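What follows is a single structure, written as structure tokens, with notes after it.
Here, each number is a calculation from the coordinates, and none is a lab measurement. From a predicted model like this one, the values you see are computed outputs, not experimental measurements. Virtual Cβ from ideal backbone geometry, glycine too; neighbours counted across all protein chains shown.
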Amino acid sequence: MKVTGFTFVRNAIKYDYPVVESIRSVLPVCDEFIVAVGNSDDETRNLVMSINDPKIRIIDSTWDDSLREGGKVLAVETNKVMDAISPDSTWAFYIQADEVIHEKFLGEIRAAMEKWAPDPEVEGLVFNYTHFWGSYRCIGDSRRWYRREVRIIRNDKSIRSYLDAQGFRKDGRKLNVAPVNAWVYHYGWVKPPAAQQAKQQTFHRYWHTDRWIDKTVKKTDAYDYSGMDFLAPFEGKHPKVMYDRIARQNWTFTPDLAKSKHSIKSVILHFIEKQTGWRIGEYRNYKIVTKK
């Protein structure tokens, strides 16, 4: 069984992506790792090279900035890397530049890949998610956060990145996947407020028009993290690859949960989910294969 990790990144320094930590977190279970480095305004390529691991292969890419609908350019960049994966790889491990895998899950992930490798009906593995918000001590706990997503897929060139690269499909249909008892730690909403605001002003271009951005995105130098609804304290431990980054945090975010405002509907749905584990109306871009 051969495993290829893959990701894409652009302007990692400018927008403070933990791409180095992201890649390092999955290298132990990968035989090779491919990074598509987009045309950047900073030293992103040198940053990736600084990992200095022989498993890593960089391909250079130029983003099509004219693609401004539905985040399509992100799927295009994902597909570029997928097409570069060696034909002899069994699995492709996708990790976005703001996602990190805790080392405690690597054994479980490796075992799941080995278990399902002989079964072609299983086209991918779906992971659980923890979404951090504002600081490394706080997590998003509302329905707006997706709870699971596919991050390992079979090395099948008919599988393509879907919509804005959050998931995958095969010939237009949802993948048949098996769950893996592991979590992806998503740090995309934890960065200095200035970097977060700059990212918002740039990345909205891949979904919206300039007019929409001018009307909707606040003209400010620092992102306001106080607008999230349900939040909860993070009581676990972060991946070791994140320790240095966390120690460098130079801003504070201390939410007053008592002042959070919620609609009656959101409170009821949140209560039901917490009591039963059932998220009413949850969207899933995959189909769970029920097997032992």
Tell me, what is the FRET efficiency for TRP212 and LEU163 to the nearest 0.05, using R0 = 22 angstrom and their Cβ-Cβ distance as r? 0.75
Largest fluctuation, SER135, SER40, SER158 only, Gaussian network model of the chain with Cα springs under 10 angstrom, belongs to SER158
What aspartates and glutamates sit close enough to LYS115 to cross-link, taking a C-alpha to C-alpha distance under 16 Å and skipping anything fewer than 8 places away on the same chain? GLU123
For a quick check: with amide H placed at 1.01 Å from N, whose amide H comes under 5 Å from GLU32's, ignoring anything fewer than 5 positions away on the same chain? VAL3, GLY5
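For the chain, what is the mean residue ellipticity at 222 nm derived from helices alone (per DSSP H run of n ≥ 4: -39500 (n - 2.57); sum divided by total residues; nearest 500 deg cm²/dmol)?
On the way: 8 runs with 73 residues, N = 292.
After summing the helix terms and dividing by residue count, I get -7000 deg cm²/dmol.
Over 27 Å between C-alpha atoms is what I'm after, so list which of LYS14/LYS240; LYS191/LYS265; LYS2/LYS191; LYS2/LYS72; LYS170/LYS237 land there. All intermediate terms of the calculation are to be shown ahead of the outcome.
Values: LYS14/LYS240 23 Å; LYS191/LYS265 31 Å; LYS2/LYS191 34 Å; LYS2/LYS72 29 Å; LYS170/LYS237 36 Å.
Long pairs (Cα-Cα over 27 Å): LYS191/LYS265; LYS2/LYS191; LYS2/LYS72; LYS170/LYS237.
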Considering amide H positions built from the backbone, and no H for Pro or chain starts, which residues 5 or more places from TYR129, or on another chain, come under 5 Å of its amide H? VAL184
Rg/Rh over Cα atoms for the chain, Kirkwood Rh, comes to 0.95
HN-Hα J couplings of segment 220-234 from phi, Karplus 6.51/-1.76/1.60, θ = phi - 60°, integer Hz, Gly and Pro as x? 8, 8, 9, 6, 9, 7, 7, x, 6, 8, 7, 10, 9, x, 8
Distant-in-sequence amide H partners of PHE8 (H built 1.01 Å from N, under 5 Å): ALA36, ALA97
